[in-house]
Amino acid sequence: MNYRHAFHAGNHADVLKHAALLALCEALVRKPAACFALDTHAGRGLYRLDDAAARRTGEAAGGVERVLQAPDAPVLSSYRAAIAACRRQQGDAAYPGSPWLLAHALREQDRIACCELQPEEAAALRRNFAGDARVAVHERDGYAAIPALLPPKSGATRLNRGLVLMDPPYEAQQAEFDTVLDALRGGLQRWPQGVFALWYPIKQRATLQPFLRRAAHLPAGGVLCAELQVWPDDSPLRMTGSGLMICNPPWQFDERLSALLAALHSLLAPDTGSHRLQWLRREGEDAAPRPSAQRTPRSRDRG
Ligand SMILES: C[S@@+](CC[C@H](N)C(=O)[O-])C[C@H]1O[C@@H](n2cnc3c(N)ncnc32)[C@H](O)[C@@H]1O
């Protein structure tokens, strides 16, 4: 396990993932019933864009910093407000990770479980949320936490509403794509009402097709993918963009994502980028027969 998110905090992939995560939380908290959020690959929860790791890659300059320099756009206002709130609390160079954003967007009655396998990251995560009784930090494998923690309960009460964010580092390359699909299938079977959001890296889109075809057969009420590439598909770079796959998306979430993708495309990569919103399967649509024994071709870690 070599991956450290501090090198990539606030990059274009974080902007897409974090803005969409906040929009998912907004949809969840529209109803008063308590929600549960599971962050299977949580990282440390808070980053500093002036530390050595972030400065070494400079990736935030092509991500969050561009969003903050642009005039406000309604579809990005929750994301900008969350960054501003994080910076008021943690200082001007802070950048919130997914656990911080969940804690920010969810309410007193909601519960958040964050899993992180790397001991130093898990210790920092625990420190960062020591004062927040809603947040449980688990130093454990996030995939194994899915059967252990779902369906969620608060005392004896089962929680029906909520989300699972899966944001692995893809260090296992091809094998990780197979693992995430198995984990999603298991999670959806245990918690069919849950919203499941999976981040994935894009190098060349064509290589993702077998993975996306298999994802269309997940046992969900709709599978939606939002993808933002900041570099052309044939670029020699390791990662040209990223996608977020959402199983059981909230009502009309495709419209929200469509506006978000268009805004991010024009802000982050107006000349070199592209975006795409794709239903792998709509709610109520039958899945075609499942492809047999087809595995995902080589991909790569998130670079
Ligand atoms: C991409 S980062 C997470 C970033 C975070 N979700 C965010 O948006 O702020 C992935 C994290 O997963 C951790 N990790 C790797 N394998 C894991 C596993 N099997 N279970 C839990 N955490 C894991 C890594 O140490 C790393 O901190």
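Laboratory data are not the source of any read-out in this text; all were calculated from the coordinates shown. Fair warning: this is a prediction, and the values are worked out from it, not measured in the lab. Please note: Cβ atoms are built from the backbone with ideal geometry, for glycine as well, and neighbour counts cover all protein chains shown.
A few comments on the model shown:
- Cα gyration tensor of the chain - equivalent ellipsoid semi-axes, whole Å, descending: 25, 24, 19
- Centroid-to-centroid separation of the stretch 123-185 and the stretch 27-45 [C-alpha atoms, Å]: 10
- In Hz, Karplus ³J(HN,Hα) per residue of the stretch 141-152 (6.51, -1.76, 1.60; θ = phi - 60°; x = Gly, Pro): 5, x, 5, 5, 6, 5, x, 6, 10, 10, x, x
- Within the chain, helix-based [θ] at 222 nm, where runs of 4 or more DSSP H residues each add -39,500 (n - 2.57), nearest 500: -11000 deg cm²/dmol
- Translational diffusion coefficient (Stokes-Einstein; Kirkwood radius from C-alpha pairs) of the stretch 124-168 at 25 °C, 0.890 mPa s, in µm²/s: 199
- Scaling the Cα radius of gyration of the stretch 52-200 by the globular reference 2.2 N^0.38 Å produces a ratio of 1.14.
- By the count of neighbouring beta-carbon atoms within 10 Å, fewest first, 92, 39 end up ordered 92, 39.
- Reported to the nearest whole Å, the Cα centre-to-centre distance from the stretch 194-218 to the stretch 55-81 is 26.
- Note, ³J(HN,Hα) from phi for the stretch 109-124, Karplus 6.51, -1.76, 1.60, rounded to Hz, x at Gly and Pro: 7, 8, 10, 10, 10, 10, 10, 8, 8, 6, x, 5, 5, 5, 5, 5
- Dipole magnitude of the chain about its Cα centre (Cβ charges: Lys, Arg +1; Asp, Glu -1), debye to nearest 20: 480
- Computed from Cα atoms alone, the Kirkwood hydrodynamic radius reported for the stretch 1-64 is 13.3 Å.
- Straight Cα distances below 13 angstrom link residue 31 to the aspartates and glutamates 110, with same-chain residues fewer than 8 positions distant left out.
- Highest average packing first - 238-247, 211-220, Cβ atoms within 10 Å: 238-247, 211-220
- Neighbourhood charge, 12 Å Cβ-Cβ cut-off, centred on residue 37 and excluding it, Lys, Arg +1 and Asp, Glu -1: +2
- Between residue 39 and 113, 114, 115, 165, the built amide H atoms are under 5 Å apart, and every one of these is 5 or more places off in sequence or on another chain.
- Relative packing of 130-142, 6-18, which averages over residues the other C-beta atoms within 10 Å, highest first: 6-18, 130-142
- The 3J(HN,Hα) values that the Karplus relation (6.51, -1.76, 1.60; θ = phi - 60°) gives for the stretch 82-90 are, in residue order, 5, 5, 4, 5, 5, 6, 5, 7, 10 Hz. Gly and Pro appear as x.
- Selected from 192, 96, 201 as most flexible by GNM, with the chain as the system and alpha-carbon contacts under 10 Å: 192
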